[in-house]
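**Student:** Before anything else, here's the structure in question.
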Amino acid sequence: MTLHSAIASTTPTFDSLEQALKHYFGYDRFRPGQRHIVETALRGQDLLVIMPTGGGKSLCYQLPALLKPGLMVVVSPLIALMQDQVETLNDNGIPATFLNSSLSNEHVQQRTAQLLRGEIKLLYVAPERLLNDRFLPFLDRLHDALGLVAIAIDEAHCVSEWGHDFRPEYRQLSQIRQRYPTVPLLALTATATQRVQQDIVVQLALRQPDVYVASFNRPNLYYEVRPKERNAYADLLREIRSHRHGSCIVYCFSRKLVDETADRLQQDGIVALPYHAGLSDRVRTENQTRFIRDDVQVMVATVAFGMGIDKPDVRLVVHYNLPRNLEGYYQEAGRAGRDGEPSRCLLFFNTGDVSKINYLIDQKPDEAEQMIARQQLRQVLDYAEGLECRRTIQLRYFGEDFSGNCQQCDNCLNPKPIEDRTVDAQKFLSCVARCKERFGMNYIIEVLRGSRSSKIQQRGHHKLSTYGIGSDRSAEDWKHLGRSLLHQGLLDETSDGYSVLRLNARSWEVMRGQRPVQMVATRSQRSSVADDSQAASTRELLMDLLRSLRKTIANEQSVPPYVIFADSSLRLMVQSRPTTLEEFASISGVGSHKLTQYGPRFTETIRQFCQEHGLLAQTVTPVVDEPTSKPPLSARRRQILNLHQQGIAPAQIALECDLRLGTIYDNLATLLEWGEVIDVDQLVDPERQQAILGAIAQVGDDALRTIRDQVGEDYDFNEIRIMRSVWRMQQLS
């Protein structure tokens, strides 16, 4: 295939798309999905592209613009986004420009002349200008003289009232399809639920679009939700100081809080600047430029900041207040780690923020908008209060399944006890069924707990067999169960603003006893007693001491502190207080290299702290007659192995060890590969083993999800983990 470009007076010829990619952008290969999208755009087909931040959406319309004659018009909602895109393109020698209110009349005239002469390949405009009565005739001239390659609509989620950033002016873009019926439309956004995707197609009148939805998973991002307590600012300051070699964004609820937080950080020696709509255009532009150029480490901002910013090395994004919806949170947090490097997303959660958001919702004049906003707020609360894997909750929101146990969020790295809740789940789901799948979670819980409210009496639901059968548990516990069922895909919820619970095929499997339900125990059900204030204070002292040690080592090596150990690893050290190298090796985040390099200093520090504060050191089961060819077993792994060899089921082992079920299977798989005696038939039904092994033989043993896609979704990731270890052992024999 021979491809041509029509930039200025030169017309480079390329033998492949990869050659064109290298020529214009310097990349040797496309990122996942990009080539398919570019090929579709070159065929002149409408497109809807959902690709997460950092996935390379912009290139998907920029390269086709360079390979076809004519002009690509890009609709972009923010001046900052346009400027950033155009500067990047110009720096690559690509003729692009923008027209917006920041330009003088003289500059507008210069650029319109360039456009008419065919010297520009990409034109960025805001939707308001595109639909302006004076601009449309000019666009007609460009269409007639040069031809339009396509019209790319960036941030396309703005067209949908179900999106997190709805803009009424985007609704009017359907006029473009009517005016230029033969010009392809390319809609692109980083975030869109299935409901929003459908709305985009309808509102923009896309014609049989090729829809490409990339995975929303950002494996390099660590997610954490932390209670916002009185010392939250000190917590924030520590986080920022621990990322002194990386840029940080702190999102705040209001302009006032932005200014106050930026001032406090400046007083504490942090180079920080504010960004919000109350500042002049000049100040906002100047502050943003200083941040992009690394003259400033921290930008404290409202959500007005960040859209379209391509800064790749943001290492920390903090939401100092509760976000208004999960989609917006995903996109804002996603501004961390665009370069694929490890980065942190921290959300401070205070229930006081809920009343503030509800107040703003009440100010909306449209009842339908209020209903949507309240549902979005409930979803945020589900995420903030959820005890399951953060990624599972996030990705399910976007309609994507995830197996959990990501080991890159606070819930996975600090696992809570697992318990069997099959019977309670059957009660809950049965109540949904008997209420004819017409009500939300709160109503179902009222029926289960035997509420005497008039609405239940009027509907006759006090006569149901499920009425009052859950009175022994609190409403909060039932709510936790209901959320867990949703997160695990064992229950559905409508997304039209009413949040009605609906059963699915898996729901009926649970009710028929064909599928067990295991979930994280709520705090009130855990056997451990809450620590008193003195114990909490001691933990904080040790955490500060370990942070100080980490900072010292980081300074010695001239690296950011998080390179040594993440805060999550330090917290595990505080919890378990390892004083030997064997115990230290069991901490998440401690590999063999770090064990050798940092283990002695950290364990010595912890040992001295324990002695000074009268704390008992952790005891370790001695390793006796361990073959030299096997790695030494930690106390935890030895406990798991012993329980398994006694014939105890993995779910019960998880309860005994206070670990997640997935963690138990991970350890058993590792022990199997280390040559320990593991009863595979006890873990995986013999009739299912060969199917999994056959799938691994076809697709390889690198990725569990790839194996799962090959063998089918009826197979559990845990049994696939075990059989992958079996397959690896077979390859060695």
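**Student:** Where in region 153-258 are there helices (runs of 4 or more DSSP H), lying fully within it, with 2 or more residues that are under 19 Å from the mean Cα position of the chain (by Cα)? Break it down into steps so the answer makes sense when it comes.
**Tutor:** Values: elements: 168-171, 174-179, 194-203, 232-241.
Output list reads 194-203.
**Student:** Would you confirm, using the coordinates I've provided, whether residue 655 is within 27 Å of the chain's Cα centre (by Cα), of a type in the set (A, V, I, L, M) and either buried (at least 18 other Cβ atoms within 10 Å of the Cβ) or under 26 Å from residue 488 (Cα atoms) (or both)? Steps first, please.
**Tutor:** Working: within 27 Å of the chain's Cα centre (by Cα): no; of a type in the set (A, V, I, L, M): yes; either buried (at least 18 other Cβ atoms within 10 Å of the Cβ) or under 26 Å from residue 488 (Cα atoms) (or both): yes.
For residue 655, the condition - within 27 Å of the chain's Cα centre (by Cα), of a type in the set (A, V, I, L, M) and either buried (at least 18 other Cβ atoms within 10 Å of the Cβ) or under 26 Å from residue 488 (Cα atoms) (or both) - is not met.
**Student:** Of (1) surrounded by fewer than 18 Cβ atoms within 10 Å (Cβ to Cβ); (2) free of Cβ contacts under 8 Å to residues at least 40 places away in the same chain; (3) within 26 Å of residue 335 (Cβ to Cβ), residue 128 satisfies all except one. Which?
**Tutor:** Residue 128 satisfies every listed condition except (2).
**Student:** On to the next question. Can you tell me which residues in region 493-529 are part of a loop (DSSP other than H, G, I, E, B) and at pLDDT below 70? Steps first, answer last, please.
**Tutor:** Step one: filter region 493-529 for residues part of a loop (DSSP other than H, G, I, E, B), giving 494-500, 503-504, 512-517, 521-522, 526-529.
Answer for region 493-529, where residues must be part of a loop (DSSP other than H, G, I, E, B) and at pLDDT below 70: 495, 496, 497, 498, 521, 522, 526, 527, 528, 529.
**Student:** Additional query: Only one of (1) hydroxyl-bearing (Ser, Thr, Tyr); (2) within 19 Å of residue 173 (Cα to Cα); (3) exposed (fewer than 15 other Cβ atoms within 10 Å of the Cβ) is not met by residue 76, so which one is it?
**Tutor:** Answer for residue 76: the failing condition is (3).
Okay, residues lined up against (1) among the hydrophobic types (A, V, I, L, M, F, W, C); (2) touching a residue at least 24 places away in the same chain (Cβ under 8 Å); (3) assigned by TED's automatic domain parsing to the domain that holds residue 336; (4) touching a helix residue (DSSP H, G or I) at 6+ places or on another chain (Cβ under 8 Å):
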| site | (1), (2), (3), (4) |
| --- | --- |
| 142 | yes, yes, no, yes |
| 150 | yes, yes, no, yes |
| 159 | yes, yes, no, yes |
| 168 | no, no, no, no |
| 194 | no, yes, no, no |
| 200 | yes, yes, no, yes |
| 205 | yes, yes, no, yes |
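**Student:** Kindly provide the set of residues from region 307-337 that are within 21 Å of residue 241 (Cα to Cα) and of a type in the set (Lys, Arg), ordered by number.
**Tutor:** 311, 315, 335
**Student:** Moving on to the next point. Would you mind stating whether residue 99 is on the phi < 0 side of the Ramachandran plot and out of contact with any Lys or Arg (no Cβ under 7 Å at 6 or more places or on another chain)? Let's see the steps before the verdict.
**Tutor:** Details: on the phi < 0 side of the Ramachandran plot: yes; out of contact with any Lys or Arg (no Cβ under 7 Å at 6 or more places or on another chain): no.
Criteria not met by residue 99.
So that you can scan it fast, the table gives a plain yes or no per residue for (1) outside the structural domain of residue 317 (by TED's automatic domain parsing); (2) closer than 22 Å to residue 223 by Cβ; (3) among the aromatic types (Phe, Trp, Tyr); (4) within 17 Å of the chain's Cα centre (by Cα):
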| position | (1), (2), (3), (4) |
| --- | --- |
| 363 | no, no, no, no |
| 382 | no, yes, no, yes |
| 407 | no, yes, no, yes |
| 426 | yes, no, no, no |
| 437 | yes, no, no, no |
| 442 | yes, no, no, no |
| 450 | yes, no, no, no |
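**Student:** Of all residues in region 325-351, how many are of a type in the set (D, E, K, R) and either at positive phi or in contact with a Leu (Cβ under 7 Å, 6 or more places away or on another chain) (or both)?
**Tutor:** Of all residues in region 325-351, those of a type in the set (D, E, K, R) come to 327, 332, 335, 338-339, 341, 344.
Filter once more, keeping what is either at positive phi or in contact with a Leu (Cβ under 7 Å, 6 or more places away or on another chain) (or both): 344.
Adding up the residues that qualify gives 1.
**Student:** Which pairs do you get when a residue that is assigned by TED's automatic domain parsing to the domain that holds residue 329, found in region 243-260, comes within reach of a residue that is among the aromatic types (Phe, Trp, Tyr), reach meaning Cβ atoms under 6 angstrom, with the pair 6+ apart or on two chains?
**Tutor:** Taking only residues 6 or more apart or on different chains, the pairs are 250/320; 252/320.
**Student:** Could you check how many residues of region 22-49 are surrounded by fewer than 18 Cβ atoms within 10 Å (Cβ to Cβ) and at positive phi?
**Tutor:** Residues flagged as surrounded by fewer than 18 Cβ atoms within 10 Å (Cβ to Cβ) and at positive phi within region 22-49 amount to 2.
**Student:** Oh, and also: Applying the selection to region 437-464, what residues are closer than 20 Å to residue 379 by Cβ and either crowded, with 20+ Cβ neighbours inside 10 Å or modelled with pLDDT of 95 or more (or both)?
**Tutor:** Hits for region 437-464 are 439, 441, 443, 444, 445.
**Student:** Separate question: Scan (1) under 28 Å from residue 190 (Cα atoms); (2) in contact (Cβ under 8 Å) with a residue 40 or more places away in the chain for the single condition residue 96 breaks and write down its number.
**Tutor:** Of (1) under 28 Å from residue 190 (Cα atoms); (2) in contact (Cβ under 8 Å) with a residue 40 or more places away in the chain, only one is false for residue 96: (2).
**Student:** At least 2 residues that are within 32 Å of the chain's Cα centre (by Cα) in each: list the helices (runs of 4 or more DSSP H) lying fully within region 22-128 that qualify.
**Tutor:** Working: elements: 34-42, 57-67, 79-91, 105-116.
Counting at least 2 such residues, we get 34-42, 57-67, 79-91.
**Student:** Is it the case that residue 701 is under 26 Å from the mean Cα position of the chain (by Cα) and surrounded by 15 or more Cβ atoms within 10 Å (Cβ to Cβ)? Steps first, answer last, please.
**Tutor:** Working: under 26 Å from the mean Cα position of the chain (by Cα): yes; surrounded by 15 or more Cβ atoms within 10 Å (Cβ to Cβ): yes.
Considered against the rule, which asks whether it is under 26 Å from the mean Cα position of the chain (by Cα) and surrounded by 15 or more Cβ atoms within 10 Å (Cβ to Cβ), residue 701 comes out as yes.
**Student:** Suppose we filter 340, 328 for residues that are modelled with pLDDT under 80, surrounded by fewer than 24 Cβ atoms within 10 Å (Cβ to Cβ), within 14 Å of the chain's Cα centre (by Cα) and of a type outside the set (D, E, K, R); which single one remains? Before you say what the answer is, go through the steps one by one.
**Tutor:** Details: 328 fails: modelled with pLDDT under 80.
The conditions single out 340.
**Student:** Right, next: List every residue pair whose Cβ atoms lie under 7 Å apart, where the two residues are 6 or more positions apart in sequence or sit on different chains, the first residue falls within region 412-435 and is within 21 Å of residue 450 (Cα to Cα) and free of Cβ contacts under 8 Å to residues at least 40 places away in the same chain, and the second residue, located anywhere, is among the aliphatic types (A, V, I, L, M) and assigned to a loop (DSSP other than H, G, I, E, B).
**Tutor:** Once the first residue is within 21 Å of residue 450 (Cα to Cα) and free of Cβ contacts under 8 Å to residues at least 40 places away in the same chain and sits in region 412-435, its partners that are among the aliphatic types (A, V, I, L, M) and assigned to a loop (DSSP other than H, G, I, E, B) give 434/464.
**Student:** Exactly one of these conditions fails for residue 299: (1) in contact with a helix residue (DSSP H, G or I) (Cβ under 9 Å, 6 or more places away or on another chain); (2) more than 22 Å from residue 394 (Cα to Cα); (3) surrounded by fewer than 22 Cβ atoms within 10 Å (Cβ to Cβ). Give me its number.
**Tutor:** (3)
**Student:** Right, something else. When the residues of region 543-600 are narrowed to those that are among the charged types (D, E, K, R), assigned to a helix (DSSP H, G or I) and farther than 19 Å from residue 236 by Cβ, which ends up modelled with the lowest pLDDT? Break it down stepwise before answering.
**Tutor:** So the first thing to find is which residues in region 543-600 are among the charged types (D, E, K, R), and the list is 544, 547, 550-551, 556, 567, 571, 577, 582-583, 594.
When the remaining residues are screened for being assigned to a helix (DSSP H, G or I), the result is 544, 547, 550-551, 556, 567, 571, 582-583, 594.
Within this subset, residues satisfying the condition of being farther than 19 Å from residue 236 by Cβ are 556, 582-583, 594.
Values: 556: 83, 582: 85, 583: 84, 594: 77.
Checking each candidate, the answer is 594.
**Student:** For residues in region 390-424 being in contact with a strand residue (DSSP E or B) (Cβ under 6 Å, 6 or more places away or on another chain) and closer than 26 Å to residue 511 by Cα, which is surrounded by the fewest Cβ atoms within 10 Å (Cβ to Cβ)?
**Tutor:** 420
Each row is one residue, and each column tells you yes or no for (1) closer than 30 Å to residue 549 by Cβ; (2) modelled with pLDDT of 70 or more.
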position	(1), (2)
620	yes, no
643	no, yes
649	no, yes
658	yes, no
663	yes, yes
669	no, yes
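**Student:** Name the single residue, out of those in region 1-21 being in a strand (DSSP E or B) and among the polar types (S, T, N, Q), that is modelled with the lowest pLDDT.
**Tutor:** Taking region 1-21 and keeping what is in a strand (DSSP E or B), we get 3-4, 7, 10, 13-14.
Filter once more, keeping what is among the polar types (S, T, N, Q): 10, 13.
Working: 10: 52, 13: 81.
That would be 10.
**Student:** Could you figure out which of (1) touching a Lys or Arg at 6+ places or on another chain (Cβ under 9 Å); (2) buried (at least 21 other Cβ atoms within 10 Å of the Cβ) isn't true of residue 18?
**Tutor:** Looking at each condition in turn, residue 18 falls short on (2).
The values are calculated or read from the model by the stated rules, or taken from the named source; none is laboratory data. This one's a predicted model, so the numbers in the text were calculated from it and none came from an experiment. Virtual Cβ from ideal backbone geometry, glycine too; neighbours counted across all protein chains shown.
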